[in-house]
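Novice: First the structure, which I've put down as structure tokens, then a few questions once you've had a look.
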Amino acid sequence: MQVEELYDLTTWIDAEIVEKQIANKFQALHSALQRNAQPNQQQQPFEGQRDDLISTLRKVPLTELSSGQIEVLEKVGIAKRVGHLGIDFVEDTLYRNALDIASAARHFNTAFKQINEGIQWSNQTMEVIGRIINVESVVEPEEAVVLRVHFTKEAHLSNLTEFKFWGKTWWEIGRGISMAHGEAPESIRVVGASKGSIIITLLSVYAIAKTTSSIILQALNLIEKVHDIRRKAQEVKALELSNAAAEKALEAAAKAEKDTGVNKIVNTTIREIGLDTDKEGDKVNELTSAVRKLVDFIEKGGEVDFVIPDDSEAEEDGEEDASAQERQELRVMFKEVRRLENQLRQLEHKNPNN
């Protein structure tokens, strides 16, 4: 994770957790339950505190964060107390787990303390990072979507030859997708990189980001099927009475599944963009190449994460921002990409030979 990305997370926590008083609302519900847990006390309603907390948790914009930022948010104890996980926690504690009032109060007190500890970490981190970076250089994208390309596993970068190969590959991916939208490759800007498992940060216009995420969604579903077939081939190979013919048949089936799947993705993408295959053959060819290379990148373990900018404020005349619906559609797609990437990681962890 880049230092600027970590600093951005601390400002997000300040705006979405501190200013929205989420810790205080957990404490308010805890206090109401604690009063009801006292012996010989008349029971007081706590639905107001509950509904206020759930309403606030539902509005926490987790889709504005990258997967790396969400991972940090989990480590500091905040992620599981906000969004849908936070709502599940509230409802499980109050209704589904059949806890007594005193036990429920203790659970909410624990959640309050965890969030406060996360806020304290954020404040300390913001102060430290603020001393070593130029805060003005931490610029939020306004009309672009951030794509973070992770070069991991077989799609890693460890020498200049691999750097040249994957650099050229991503140029071709970007060129094919942007060209299909009538844009030049320069419309996808490189705005930063970090070391470790190399991450390159790109800025992309909405249409290109939408097409890229759509291809990745389809690619992840395809790769899961291919890995499942190859897993069966590994199982056959591991048998003491190995069936070479069956193993080869399964490997051939995996290759055929991938080739057919890639063609389906290409055709779907052509329809979504609205390309004329007869008149725009050059765009179709470049897009086809881009899809194949992007599927190969994902299959080798590479990942692409997305971060969408905040919703623009409505116009003064009260009309809804024209791109609000588009951003919401992207958020749904990005959430599904992350879910499938996590699912694929778990599958590979269970079957490391894939």
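Novice: Lysines near Lys25 by alpha-carbon distance under 29 Å, same-chain residues fewer than 8 away left out - which ones?
Specialist: Qualifying lysines at Cα under 29 Å: Lys59, Lys75, Lys80, Lys113, Lys335.
Novice: Can you tell me the FRET efficiency between Trp171 and Ser31 if r is taken as the Cβ-Cβ distance and R0 is 56 Å, rounded to the nearest 0.05? Could the numbers behind the result be given before it?
Specialist: On the way: r = 58 Å, r/R0 = 1.03.
FRET efficiency, Trp171 to Ser31: 0.45.
Novice: When we measure straight from the Cα of Lys232, which lysines land under 16 angstrom away, once same-chain ones fewer than 8 places off are left out?
Specialist: Result set, ordered by chain and number: Lys248, Lys255, Lys258, Lys350.
Novice: With Cβ to Cβ distances under 10 Å as the rule, what net charge do the other residues near Ser66 carry (K, R +1; D, E -1)?
Specialist: -3
Novice: Can I ask one more? Quote to one decimal, in nm, the extra length available between Arg58 and Gln124 on full extension: 0.36 nm per residue of separation minus the C-alpha distance between them.
Specialist: Difference between extended and current length: 21.1 nm.
Novice: Using a Förster distance of 35 Å, how high is the FRET efficiency between Glu336 and Leu160, based on the Cβ-Cβ distance and rounded to 0.05?
Specialist: Approximately 0.50, to the nearest 0.05.
Novice: Based only on other Cβ atoms within 10 Å, what is the fewest-to-most ordering of Glu154, Glu5?
Specialist: In order of increasing Cβ crowding within 10 Å: Glu154, Glu5.
Novice: On to the next question. Among Arg339, Arg230, which comes first, second and so on when ranked by fewest other beta-carbon atoms within 10 Å?
Specialist: With the fewest neighbours first, Arg339, Arg230 line up as Arg339, Arg230.
Novice: Could you tell me the calculated FRET efficiency between Arg131 and Gln325, based on Cβ-Cβ distance and R0 = 35 angstrom, to the nearest 0.05?
Specialist: 0.25
Novice: If amide hydrogens are placed 1.01 Å from N in the peptide plane, which non-local residues have theirs closer than 5 Å to the one on Val304?
Specialist: His150
Where a number appears in this text, it was derived from the coordinates with a stated rule and is not lab data. Just so it is clear, the model here is predicted, and its values are computed rather than measured. Positions of Cβ are backbone-derived with ideal geometry, glycine not excepted, and every protein chain shown enters the neighbour counts.
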